[in-house]
Structures are given as C-alpha cells and as structure tokens.
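One structure is given below, encoded as structure tokens.
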4 protein chains.
Amino acid sequence: MAHKQKPIRSDLGWSTSDRIVVRGKDLPGELLGKINLGDMAFLEVSGRLPTPQESTMFNAILVTLVEHGMTPSSIAARLTYAGAPESLQAAVAAGLCGLGTVFVGSMEGAARMLYAALPRERARTATDAELDEIARRVVADYRARKEIIPGLGHPIHKPVDPRTTRLFELAAENGFAGGYVKLMKRIGAEAERAAGRSLPINATGAIGPICCELGFNDKIVRGFGVMARAVGLVGHLLEESESPMALEIWQRVEDEASAHARPPGK
Amino acid sequence: MAHKQKPIRSDLGWSTSDRIVVRGKDLPGELLGKINLGDMAFLEVSGRLPTPQESTMFNAILVTLVEHGMTPSSIAARLTYAGAPESLQAAVAAGLCGLGTVFVGSMEGAARMLYAALPRERARTATDAELDEIARRVVADYRARKEIIPGLGHPIHKPVDPRTTRLFELAAENGFAGGYVKLMKRIGAEAERAAGRSLPINATGAIGPICCELGFNDKIVRGFGVMARAVGLVGHLLEESESPMALEIWQRVEDEASAHARPPGK
Amino acid sequence: MAHKQKPIRSDLGWSTSDRIVVRGKDLPGELLGKINLGDMAFLEVSGRLPTPQESTMFNAILVTLVEHGMTPSSIAARLTYAGAPESLQAAVAAGLCGLGTVFVGSMEGAARMLYAALPRERARTATDAELDEIARRVVADYRARKEIIPGLGHPIHKPVDPRTTRLFELAAENGFAGGYVKLMKRIGAEAERAAGRSLPINATGAIGPICCELGFNDKIVRGFGVMARAVGLVGHLLEESESPMALEIWQRVEDEASAHARPPGK
Amino acid sequence: MAHKQKPIRSDLGWSTSDRIVVRGKDLPGELLGKINLGDMAFLEVSGRLPTPQESTMFNAILVTLVEHGMTPSSIAARLTYAGAPESLQAAVAAGLCGLGTVFVGSMEGAARMLYAALPRERARTATDAELDEIARRVVADYRARKEIIPGLGHPIHKPVDPRTTRLFELAAENGFAGGYVKLMKRIGAEAERAAGRSLPINATGAIGPICCELGFNDKIVRGFGVMARAVGLVGHLLEESESPMALEIWQRVEDEASAHARPPGK
C-alpha cells in the first residue's frame, strides 16, 4: 500500500526563532499596529495588502455580516454554551456549522451566478444593452427551472434593504460599481418585473457582485460570512454569559413540544 | 411541568423594514464604510466604538492571532474540508473546536491570573515595589503547585518572542502599559530567575495583560483568539482548495500507522 | 414583526417525575436491558423496534461503518483533541464535520439513485429483464453526464470489497435481497462492462440498496454513517489519549510545509 | 527546526486488498451479522468483545443516553440543520459540542470521584463499614468545598430517577453491583441526610459507578454519552426534516428578544 509521496507545502507563513512571516510580510514589523483585522483577512485570502479603496469596501462587507441579531446560528451557539461553558470555541463552532446553503450561501450563489453569466474578461467592456440582455436571460433561466435567484428578496427589509443601498454607494465611491454590480441591479429589476412583486436585492445580493468586482473566487465568498459571524457569535456568547436566555428557551421548547404526549396535569 | 416564564432579551441589535441597528448604532449609516472589522468586534464585545488608541491596540491583538501557519487547528480544518468541500463553514468549525486549554487558552489563563493577583482598582495605583512583591508571590505559588505559568515560554521563539516586543511597544505608545503589563513583565523575569532558564513572555502572555488593560472580562479573552483564527482558517481552506495537502497527510499517516499490523509486503 | 405562532411539537419522547418514555416505549421498563444500541437507533429513526431480521441487518450496517482506521475524519478528531483535551465532545464533533459528500455521502447517493430509478411500489415486482434495462439506462445516464456512480470502486479493496460480499450475504439470509439489491448488483456489473475495468461495489454501495430494502428515506442514510463514526471516533480519542500521534503529525507537516520559505539552516 | 521523528502508530485496525481487520477481528467474517453496535463500541474502547453480561450492561448504559427529548443539544442541532440541511453531519456535530461539563460531564465526574475515593484494588475487598466511612468523607469534603456532588439530584425525576433503579437492577443481575455501586448509593444517602432534602441518584450518577465496575478509564466515560447522543441527534434531525420546529423557535426568540428595543408598533 506504499504510495508515492507528494510534497506538502503552504505559502501562508513561516517562522524561525526571531522572525514570524505571514504571506511574505514580517508580522511584528510590517503588520502589527499598522493594519486592521479586515485588512489582515484580505491579506490572508489574496496574498497582498488591500488598497485604501479595497480596505474600505472589504471591511464594509465584513462589518455587514457580523451581527444579525437572534438567528438560528446565534441561538444554537448560546444553547451549546449553556451545556459547555468551558468550551467557548466549541459554541462558536456550533453556531458556524449552520451557515450553509439556506442563509449565508446566497452570497456565494450570487457570485457564482454572476461569474457564469458574465466572464471576467467581459465585465469591464459589456455595454448597458448587453447587460440588459444578460439579465433577461438569467431571470428567464431561473424562472424556467423554478429556482430562486440568489440574493433577491427579504422577509423584513422591503421594499429596500438599507444595507444594499449603502454597500452599492460605497462600491460607487471606491471604484467597484462595475459590470457585476450593474448586472445584479438589472437582474433585480428584471426579476421584480417578471414576478410582479417587490424583490429587493438583499445584503447578500449586494455582497455577491461586489466580491466579483474585488476579484474573489466564488468558492471563498461564503468564508467571508463565516469569519464575520465568528466575530458576532463571540459577542452573543459574552451576552449569554452575562444575561442568559438559553435555559429559558430550552424549558419553553421542552414544555410545549411534549405537552400533547404527557399525561394530563403533568 | 409548566414553569414560570422568564423574559428572553438581547441588546445586540434589532431591525425593522427600513432600519438595522447593532449595539445602538445604525448599521448602514453609522458603521458601514466607517469602521473596520476589528472595531466592529470591539463594538460587539464592549457595546461602544473604540477610541483610536483602543482601535490600534485591539486590531493589533487580533492581527497577531490570525495566522500561525500549520497548526493542529489548521490541519484539522483542511482534513475536514477534504471530506466535505461543500461545507466550508463546517471545516472552519472543526478547526475552531481545537482552540482549547492547550493553545489559545493560555491567553485567558494569563488574564485570569493577573486579575486575581491585582484587582482592577489597584492596577493604576500599585507601586513598583508592590508589583515586584506580587510577582514574587505569583511565581512562588505556581511553583509550589507545580503549575505552568500561563503565557511564558515558547518552543521556537527564544530568547524573545518578537510579537511580544512589538505588542508591548504598541501598548506603551497607546497608553496601555499600565499595572497589568508591568506585572506580567515582572512575573516573566521572576519566573526566569526562579527556573534558571529562558522563559520568554510569548504572544498570548502579552495579549493577556493588554486585555486586562483594555478592561475585558477574562472569560471573553479566548473569544478573541477564536474570531481571529476563524479568519486565518478561511485563508487555509482557500489554499487547500487550490493546492491541497490533506489527502497526502492522510495517506502518509494511514500507511505508517498500520504498517506494524499489516501482513508483510501489503 | 409579530408573526402568527405555529405549534412546536416532537414525538420522540416525554417524561414526568416517575416516567421516561421514548418513541412510545417506557425506557426503564421496556428498553433498558432488553435492546442493544443498534436497535435503539432503529427505534429512533423508524418509530418502532426492529424485527430480529431487521436488527441483524441494521446492526451489521452500523458495525461496518464504525471503524475505518486512520481517515481524514479520525486524524482531524485527534488533532482537535490535542488542543482541547478537556472537550472530548468537540473533538468528536470536529471529526464528524468531515463526513460530507466525498466519503460518507456516497451511501446516501446510492440510495437516492436507486429510489429514483426504481420506485418503491415497483421494487417488489420488477422482473430481471426490467432490472437489466434499468441498470443499462442508469449507467448510460451517469456516463453521459460524466458523473461518478455512487458506491462503485475502491482504491484498495479490489477486485472485491469483502464487506460487500458479507453484507449482501446477510441481506439474502434476512430477506433484504430484493429489487434494490438486485438493481445495484446489475448497475455494478454494467458499469464494469461499460468502463472496461474493475469497479467493485464498495461498502457504501452495499449499504445504500440495503437501506432502500429497509425502507429508509435516503436523506437519513448519511445519518447512519454519522452515528457509527461517532462510536469509532471515541475509540480513536481514547487511543490518542494513551498513545498520541497528533503532535507528531503537526510537527512533520509544519516542518515540511514551510521548508521552502524558511531561510536556509533554520 | 527539524525535529527528531517519532513513530506514528495505531492499533485500531488495518486493511489490505482482501481483508479488513478491526481491533484484531476480521470485520466481515467475525463481526458483521454477529455483534450489535453496542458490542462494537465496547470492542473499540476496550480492545476485546464483551461477555454477555458486559454486553447487556454496556448496551443498557448507551440506550439510556440516546434520547432525552428536547435538550439544548437537540435544539441546537435542529437550528443548525435549518441553516445547512445539506450537512446533516455538521448539525449532529453542533449538537454534540454542547455535551460538556454541565450535562453529560457529571457521568465522568462521578466516575472520577469514585476512583479517587476507592482505588480499584480496594473496590472488591472494602467492607460495608469502610464504604460508609468513605461516603461520609466524600460528602463532607464536597460540602466543605461547596461543590456539587456529581450524579446527584434531578429537576424532574424525584424522589427517584426510574432509570437509576433499573440500571442498578441490571448491575446486580449481571455482576456489576460491586464496591463502586455500593459506594455511590452510600454517597447518595449520606448527601440526602446531610442536605436534609431529596437528592436522588440520577442516570449519570448510576452510569458513573457502573463504568467503574466495568473498568473504564474515567476520561473516556463522557465519550459514551457522546456516541449515544449522536444516535439520538440523528433521530431529531429526521423528525426536524419531516416536522420542523427550528424556524418557529427562531421567530419567537427573535421577536421577543428585541421587542424592548424596536420602535413601538414595529
């Protein structure tokens, strides 16, 4: 069963007794005190430090994703913490496990849809008429397959998601309102027209095209949600430790869920 | 089994159709485009935005913790990703699960030790002589209990951990080199003297006291490691998706681990 | 934002001061000392106790899935344990996170493929000729889409996976060698013929059709792998606690992965 | 940084093209169709197959731990599944992450307490008078330290936990009602006397001493809870997929948690 060994190699960092280098930068000398956590995340995933415009835009994306109040993910983290308060890291992990296709995945889905419809080399040169045409085709295809277009619609933020307005404003100010953002706006408008009802571009639907503008691979886009929510989940666990709700949720759910089965009066 | 209901309440955020408020701040209007991810983390855990000095210091702490190269945590995340590439969030979660007492926990342990030895109200007023005396007592107590002092010693970064030098420099520049930082330095020196060997204050040993200076509860300190490593793990998974090592690690481990049991030549 | 409340209800169990009922059975009186863990799993997912034949078959499926030696999943669990030995549960969780589409998923994929090709109502009545025809069509479809047929092929167990032989033998002895098992065998033979190379039905390819024979929903089939591997991972963590390998794996990977980047001689 | 390599070795299993051996047993030939999942778990953690008495006792322990109705752990798993239904394994993992010191840990705590108070070599020979004396000392020590004695007390099952009655009955029938079980009963009685209130030995308080009788290392005892609950969590997720409650829990929690902060009428 011996197999031919292949090399194991990583370019993320290295260290010796007196040096620590991350992505080619000296950590103490070039990074500490000079860059913020969002820039460090950019360095990790792209291998270089962001420009000031990229820094503003990328930090805005991450800040958008940190805190969404009580969500399935944050409630799961709090319930986990109630059982294992000695393992804060495992409670954050439990919360992250739910960031799948239903919620955070739409951001990745939007990016994938846009890259498929508009290859990078055409994103800068496509005319408004061409983008209109692509948007019509994308919406028609999704409707024909009866699939939901990722990044559109929101149960609460109607008719406009205020995060989207602000993110697109920042995209325009920082030079990221190119073909992908234009196309997403057209897809949103066309989908509303075809469906005959309000379908606002939600926050993940704004982040998807901006990630395309920033040049990120769509398969890492979900990771931005994961890193940002890790920050938010730590906030939830701190609040849970000071002002708990997990045991109350448990009690209520347990009481109600089995009420039909328990003998009367018990 | 009916129980008296208690209220369920969170102060992290709320939203209506046209507003999203996090920790009392309007997310689109007051935060997006204006603060970075590290400041958002500070807002989450302290309920207010950082001062410029706090922002520099807190971002430096988080940036220190993002990327430590190949660690048990990052290898575990890569192996998990190899089996479930459709669940990037679960691979990050797997990596976070290992941030327990052995590695990241020392940061929390250092903060707890310092708070126990030097109550907050005395941290500003303690004299050098008093800090010397506290350090002697702390080191003697740990040695008597044969316990390891959290935050001291490093297998590679000897005789000085370059991150510690830089973090303490930033602490001094930004007004956080108070009683806790002074006490930690004295504990390090006293421990080296008592042990008769090099025991550098490592990065977690620098972060512990600075977290005390920033006023953070010691039970949330581990959370800073968790959020920062979530960022780093996303970087590892992106690299793994482009230049994988997980299957090679698996093959090598499997071959070697059972070589003694397999029939010869198989 | 008030929404109309829907009921919360579960039929898995209930308890009062002196009774504990699981799936309608009195836990102390009807289950403890009378059934084994595999039967309890059957009760959990089907709502009734297994027949003796079902018990033998279902336990055999689960026993097959417990221990696969050093896998990405078990190595990830060990690495996690090395960092957080106080959280054995989190190390098992980390190991389970990798049981996704690449490894365990093929069992679920095989069941889904079979249900799609052969509806339950026809599984008992289809003739050999009809099954041959269905197998030809399934293989042709997968080949046309250039997709891998789930449950076929194994890197080591060639030309026959000995678990498959035994599982199909048990299926025949216990009355579960019906249409789904027959169809899977035909798909395997047809795929080998079409590909011109050995494509043994592997263990997951045997378990898939037997789960169909047992009447399980394909979406829960992955769960059998998850529960069985949880058992196996506890075994790995006990061995790791007594005879560790995680830190050695870490050291080797770290040394090799960054060797190209470190200054010579460091 | 080159380090001296140590061997990597596991004795859990090995395989060649035509053989699969787990813990020294031929998996297809000696295990499949012959043992149940609980026996396989016993084999994994002890390296040998159980006697019939051990099989009955150990399966009863595991069956006790599978299903506890709606718990923080099962609710967390359901919330996770709602966000990532494509990753059933990650939802189970999220549920397991909460099996820490608060709930499942008491089983491990009871075993550790008993081993510390009564070394294995004395467990067979200690007289009733000696066990009485040890019980008095253990209870006095816990009370002096104001610590909770693991395995005693239950919010619902009063004055007797019916699982305990049955587990101790099975222990007596199968030859496991030795020194550790006797000591636990005495500790329970003495604790009730000292506290002046009902303190029933709960299920984890019964399992702890029986695990000592079976000779298991206390650090693996928590693992029995983990493996059993993995089985139960799969049951919960199947029910959640067919009759969901996660989104309803989410909605209710979200509505109530931020009601105080939202503008009136929103």
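Nothing in this text is a laboratory measurement; each read-out follows from the coordinates by a stated rule. Source: prediction; values computed, not measured. All Cβ positions, even for glycine, are placed from backbone atoms using ideal geometry, and neighbour counts span all protein chains on display.
Each Lys or Arg adds one and each Asp or Glu takes one away; over the other residues whose Cβ falls under 12 Å from the Cβ of residue B:185, this sums to -2. When residue C:24 is represented by a point 7 angstrom out along its Cα-to-C-beta vector, the spacings to that point in the other copies are 4.4, 5.6, 6.7 nm, nearest first. The gain in end-to-end length when the residue D:189 to residue D:51 segment is fully stretched comes to 46.5 nm, 0.36 nm per residue minus the alpha carbon separation.
Near residue B:175: Cβ cut-off under 15 Å, other residues only, Lys/Arg at +1 and Asp/Glu at -1. The net charge is -2.
Starting from one equal scatterer on each C-alpha and no solvent at all, send me the Debye-based log10 I(q)/I(0) for the protein assembly as shown at q = 0.08, 0.10 Å⁻¹, two decimals. Listed by q, the Debye log ratios stand at -0.85, -1.36. The other copies place their residue D:173 label points at 2.7, 7.3, 7.4 nm from this one, listed shortest first, where each point is 7 Å from Cα along Cα→Cβ. What aspartates and glutamates could a cross-link reach from residue D:6, if we take a straight Cα to Cα line under 12 Å and drop same-chain neighbours fewer than 8 places away? The qualifying aspartates and glutamates are B:256, C:248. Taken residue by residue and averaged, Cβ atoms of other chains lying within 10 Å of the Cβ of B:217-224 number 5.
Cα centroids of region C:248-266 and region D:153-179: how far apart, whole angstrom? With region C:248-266 and region D:153-179 each reduced to a Cα centre, they are spaced 54 Å. Can you return the lysines within cross-link range of residue D:25? Criterion is Cα-Cα under 17 Å, with same-chain partners fewer than 8 residues away left out. Answer for residue D:25, where 17 Å is the Cα cut-off: D:34, listed by chain and number. In straight-distance terms, cross-link reach from residue D:146 covers every one of the lysines whose alpha-carbon lies under 27 Å from its own, apart from those fewer than eight places away in the same chain; here that gives B:146, B:219, D:158, D:182, D:185, D:219. With label points defined 7 Å past Cα in the direction of Cβ, position residue B:122 shows copy-to-copy spacings of 4.1, 7.3, 8.2 nm, given to one decimal and shortest first.
The listed peptides D:226-236, A:242-252, ordered by packing as a protection proxy, come out as D:226-236, A:242-252 (highest mean of other Cβ atoms within 10 Å first).
3J(HN,Hα) couplings calculated from phi for region B:192-205 with the Karplus curve 6.51 cos²θ - 1.76 cosθ + 1.60 (θ = phi - 60°) are, in sequence order, 4, 4, 5, 7, x, 8, 5, 9, x, 5, 8, 4, 5, x Hz; Gly and Pro show x. Can you grab the distance from the C-alpha centre of region D:29-98 to the C-alpha centre of region B:14-82, Å, no decimals? When both Cα centres are located, 37 Å separates them.
Between residue A:144 and residue B:26, the modelled labels are 4.4 nm apart [label points 7 Å from Cα along Cα→Cβ].
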